[in-house]
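No value in this document is a laboratory result; all are computed from the given coordinates. Please read these numbers as outputs of a predicted model, since none were measured by experiment. Cβ coordinates were reconstructed from backbone atoms using ideal geometry, including for glycine residues, and neighbour counts include every protein chain displayed.
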Number of protein chains: 2
Amino acid sequence: MRIVVLAGGIGGARFLRGLKRAVPDADITVIGNTGDDIHLFGLKVCPDLDTVMYTLGGGINEEQGWGRADETFHLKEELAAYGVGPEWFGLGDRDFATHIVRTQMIGAGYPLSAVTEALCDRWQPGVRLIPMTDDRVETHVAVVEEGERKAVHFQEYWVRLRASVPAEAIVPVGAEQAKPAPGVLEAITQADVILFPPSNPVVSVGTILAVPGIREAIADAGVPVVGLSPIVGDAPVRGMADKVLAAVGVESTAAAVAEHYGSGLLDGWLVDTVDAATVERVEAAGIRCRAVPLMMNDLDATAQMAREALELAEEVRGI
Amino acid sequence: MRIVVLAGGIGGARFLRGLKRAVPDADITVIGNTGDDIHLFGLKVCPDLDTVMYTLGGGINEEQGWGRADETFHLKEELAAYGVGPEWFGLGDRDFATHIVRTQMIGAGYPLSAVTEALCDRWQPGVRLIPMTDDRVETHVAVVEEGERKAVHFQEYWVRLRASVPAEAIVPVGAEQAKPAPGVLEAITQADVILFPPSNPVVSVGTILAVPGIREAIADAGVPVVGLSPIVGDAPVRGMADKVLAAVGVESTAAAVAEHYGSGLLDGWLVDTVDAATVERVEAAGIRCRAVPLMMNDLDATAQMAREALELAEEVRGI
């Protein structure tokens, strides 16, 4: 079974771990969000790709969900001692190595997809991880901070401001000119199932879908496309998805997110059992819907979520 | 009193600490060797400048004489795990910050002298540290390794090969086209005394003197120029100066090093008490010479060496 998953960071990575457990022999291609990418200290940092790679490769800091296990922050302390920032972005000593290798390879002319493949040679994540594009796409957020209207990098909005100021718009700068990375459209075309994990529907899955050709390829793939709601009981399971949903005019409910994706794209949608009452609304929008436990509390629970998603896909396929 | 010191790495840095102790109120300008500079992992590393800065600024690893105190090597371990080298160069996590800040500033267009000043703003070494040049000079060593004649970067010869293969030539590539950094010639012209610490006479002091204009300015300064022998009892006090002396056809003795500098440049020379018998030979070469203890075992001993050098300078001045 060939499965394509559109993944952001922590939510996507944890779901993928459950998916691998549920179907160990599946051929999984992960299309990773790169809209969160940022240049720090002259280095190219790809938070979402790294979170997937570290999580599936066994190097993740399990407690925080991002960054490396057994991490130290001496380099960052020293940069701060030199007065060099930003201090709000938590780059650890081990993590820096990934960004140094990536930056050197990109400087040598390799596209990000080739660099990601090289990094994965070490981590052996057990999936094929492809960035959504080799082109530069950077998600900017229009905010009003201290009375001033300005656009900030997504990481600045998310990490420095902790989404504490209202987002007026989310713009994946460069997406319109971006091309899907080599292998992305092929993987979609050859997939048996396409999954949207409980990643952020705006700044993770939404950014991937903003790369011209990807949304169309998924809609035209002719295979079941099933998603899992990142909203449980009208609140994000983790993160601050509600803030960015508001910016695109979508209410923070499981049903509204399904409608935001739309029946032209999505065939099936899993909501949490606490949102069982919303199943009817989703199905009325032309999307088959089931209510199952959606809390990724441990690997078993996450694997069960993956199984439910694949079962719903088969149900959709059988229609 | 305005003192100019031409310094390499460990030997120069330790001598400078003694000099500061000996004459705390002196205005000391250090002209640092940059021929050892190397690009590693896309970062510009200046080993000698950093050793001076860390030693005088209180951040040095006292035992090894280079690198940072309380250092960890997680980033380097991770680079090795990615298969990215070289592994033979010991860059620690804290040390990396210096190279990242430097590389970013150079990338932004600042010359190395301005970058060094900015880094020293943090370290407050208590001396003015100026690189010998803002231009790129790279000391290469012609060696025969496994039957093959080739040129290697000085750091590769010194650190990877540990000077274990014969050096046939030492070439400061780029020196002929280099210009002294801003402030270098001014400091020499305005100096009351010029000192050559017990740094390597070929690849440290020699490289500084290879930048057109510096040797001439020192010879023409009309002030005492006094050096301290890095060779004690026919062997280098530390390091492998004998290897590079052989490459330039100079025997590894205190007297031969004085003659190598020459009476056109050097007015006074300190040899160790074990080399007292050689004083006569050095003076026959037209260089005033004294035999005093030259082992930098502790700060007191080193400060005493500095006092002896300054006394010899006054003696020379009085002639």
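Whole-Hz ³J(HN,Hα) for each residue in the stretch A:130-136, computed from phi via Karplus 6.51 cos²θ - 1.76 cosθ + 1.60 with θ = phi - 60°, x for glycine and proline: what do you get?
In residue order, the calculated couplings are 10, x, 4, 8, 8, 8, 7 Hz.
What does the net charge come to around B:Ala276 if you take all other residues with beta carbon closer than 14 Å to its beta carbon, with K and R at +1 and D and E at -1? Provide the component values of the computation, followed by the final result.
Numbers: positive: B:Arg281, B:Arg290; negative: B:Asp234, B:Asp272, B:Asp275, B:Glu280, B:Glu283, B:Glu308.
Once positives and negatives cancel, what remains is -4.
Give me the distance in nm between label points sitting 7 Å out from Cα along the Cα-to-Cβ direction at A:Leu40 and B:Thr189, one decimal.
Taking the two extended label points, one gets 4.7 nm.
Please compute the modelled spin-label separation between B:Arg162 and B:Asp27, points set 7 Å along Cα→Cβ, answer in nm with one decimal.
4.6 nm
Where nothing but the Cβ of Lys and Arg (+1) and of Asp and Glu (-1) is charged, how large is the charge dipole of chain A around its Cα centre, in debye to the nearest 20?
For this selection, approximately 320 debye.
For each of A:Asp95, B:Asp25, count neighbouring Cβ atoms within 10 Å of the residue's Cβ, then give the residues from fewest to most. Show your work: numbers first, answer last.
Values: A:Asp95 26, B:Asp25 6.
With the fewest neighbours first, A:Asp95, B:Asp25 line up as B:Asp25, A:Asp95.
Consider all pairwise Cα distances in the stretch B:239-280 and report the whole-number % of them above 11 Å.
For the stretch B:239-280, the share of Cα pairs beyond 11 Å comes to 66 percent.
Given the stretch B:133-254 reduced to its alpha-carbon atoms as identical point scatterers, what log10 I(q)/I(0) does the Debye formula return at q = 0.14, 0.20 Å⁻¹?
-0.66, -1.16
At q = 0.12, 0.20 Å⁻¹, what is the base-10 log of I(q)/I(0) for the stretch A:86-177 according to the Debye formula with one equal point scatterer per Cα and no solvent? Please give it to two decimals.
Each listed q corresponds, in turn, to -0.53, -1.08.
Suppose we keep just the DSSP beta bridges with both residues in the stretch A:1-64; what percent of those would be antiparallel, to 5?
Around 35 percent of the beta bridges assigned by DSSP in the stretch A:1-64 are antiparallel ones.
Are there any trypsin sites (Lys or Arg not before Pro) in the stretch A:122-179 that are in a DSSP loop and have at most 12 other Cβ atoms within 10 Å? List them by number.
Those satisfying the criteria are A:Arg162.
Return a whole-number percent for the relative contact order of chain A, with Cα pairs under 8 Å and 6 or more residues apart as the contact set.
19 percent
Sort shortest first the distances from A:Ile106 to its counterpart in every other copy, using label points 7 Å along the Cα-to-beta-carbon line, and give them in nm.
For A:Ile106, the inter-copy label distances come out at 2.1 nm.
For chain A, build the charge dipole from Cβ charges (+1 Lys, Arg; -1 Asp, Glu) around the Cα centre, then report which of A:Val173, A:Asn200, A:Ala235 sits farthest towards its positive end.
Of the options given, the answer is A:Val173.
Determine ³J(HN,Hα), in whole Hz, for all residues of the stretch B:139-148 in sequence, where each value follows from phi through the Karplus function 6.51 cos²θ - 1.76 cosθ + 1.60 and θ = phi - 60°; x replaces Gly and Pro.
Listing the rounded values in order: 6, 10, 10, 7, 10, 10, 10, 6, x, 9 Hz.
Using +1 on the beta carbon of Lys and Arg, -1 on that of Asp and Glu, and nothing else charged, what's the dipole of the stretch B:38-126 about the Cα centre, debye to 20?
My answer is approximately 320 debye.
Suppose every K and R has +1 on its Cβ and every D and E has -1 on its Cβ; what is the size of the dipole of the stretch A:248-319 about the Cα centre, in Debye to the nearest 20? Walk me through the numbers before you get to the answer.
Values: 5 positive and 13 negative charges, 32 e Å.
In total the dipole reaches around 160 debye.
Which of A:Gly264, A:Gly83, A:Gly12 moves most in a GNM of chain A, Cα contacts under 10 Å?
It is A:Gly83.
Give the whole-number value, in cubic angstrom per residue, of the convex hull volume spanned by the C-alpha atoms of the stretch A:174-319.
Per-residue hull volume (Cα only) is 110 Å³.
Between B:Phe73, B:Trp123, B:Gly107, whose Cα lies farthest towards the positive end of the dipole of the stretch B:38-126 when Lys and Arg beta carbons carry +1 and Asp and Glu beta carbons carry -1, centred on the Cα centre?
B:Gly107
Given the C-alpha centroids of the stretch A:175-210 and the stretch B:117-143, what is the distance between them in whole angstrom?
49 Å
What residues have an amide H closer than 5 Å to that of B:Cys289, excluding those fewer than 5 places away on the same chain, when H is modeled at 1.01 Å from N in the peptide plane?
B:Trp269
Please list, ordered by chain and number, the residues whose modelled amide H lies under 5 Å from the amide H of A:Leu228; skip anything fewer than 5 residues away on the same chain.
A:Phe196, A:Leu270
Can you list the HN-Hα couplings for the stretch A:64-76, worked out from phi with the Karplus curve (6.51, -1.76, 1.60; θ = phi - 60°), rounded to whole Hz and with x for Gly and Pro?
Here the 3J(HN,Hα) series is 8, x, 9, x, 8, 5, 6, 8, 10, 10, 5, 4, 4 Hz.
Between A:Gln177 and A:Asp234, how many nm apart are label points set 7 Å from Cα along the C-beta direction?
Here the modelled spin labels are 4.3 nm apart.
With the radius of gyration and the Kirkwood radius both derived from the Cα set of the stretch A:181-247, what is their ratio Rg to Rh?
Result for the stretch A:181-247 is an Rg/Rh of 1.02.
When a footprinting reagent is the concern and you count Cβ atoms within 10 Å, what order do A:His39, A:His153 take, fewest first? The partial results should precede the final answer.
Numbers: A:His39 13, A:His153 19.
With the fewest neighbours first, A:His39, A:His153 line up as A:His39, A:His153.
So if I take the centroid of the Cα atoms in the stretch B:1-50 and the same for the stretch A:236-296, what is the distance between those two points in Å?
Result: 64 Å between the Cα centres.
Projected onto the charge dipole of the protein assembly as shown (+1 at Lys/Arg Cβ, -1 at Asp/Glu Cβ, origin at the Cα centre), which of A:Ala254, A:Gly83, A:Ile31 gives the Cα projection farthest towards the positive end?
Towards the positive end, the residue furthest out is A:Ile31.
Once the convex hull of the C-alpha atoms of the protein assembly as shown is built, how many Å³ does it hold per residue, rounded to a whole number?
On the way: hull volume 104.0 nm³, N = 638.
Once divided by residue count, the hull of the protein assembly as shown is 163 Å³.
Which percentage, to the nearest 5, of the DSSP beta bridges contained in chain B is antiparallel?
Antiparallel bridges: around 45 percent, rounded to the nearest 5.
Report, by chain and number, residues whose modeled amide H sits under 5 Å from the one on B:Arg128, excluding near sequence neighbours (fewer than 5 apart, same chain).
Excluding prolines and chain starts, which carry no amide H, the hits are B:Ile28, B:Thr29, B:Val30.
Please work out how much length the chain gains when fully extended from B:Thr273 to B:Glu146, using 0.36 nm per residue of separation minus the C-alpha to C-alpha distance, in nm with one decimal.
The span from B:Thr273 to B:Glu146 would gain 41.7 nm if fully extended.
For chain B, what value does the Rg/Rh ratio take when both radii are computed over Cα atoms and Rh is the Kirkwood radius, given to two decimals?
Radius of gyration relative to Kirkwood radius: 0.95.
Against the globular-protein guess of 2.2 N^0.38 Å, express the Cα radius of gyration of the stretch B:38-126 as a ratio, rounded to two decimals.
1.08
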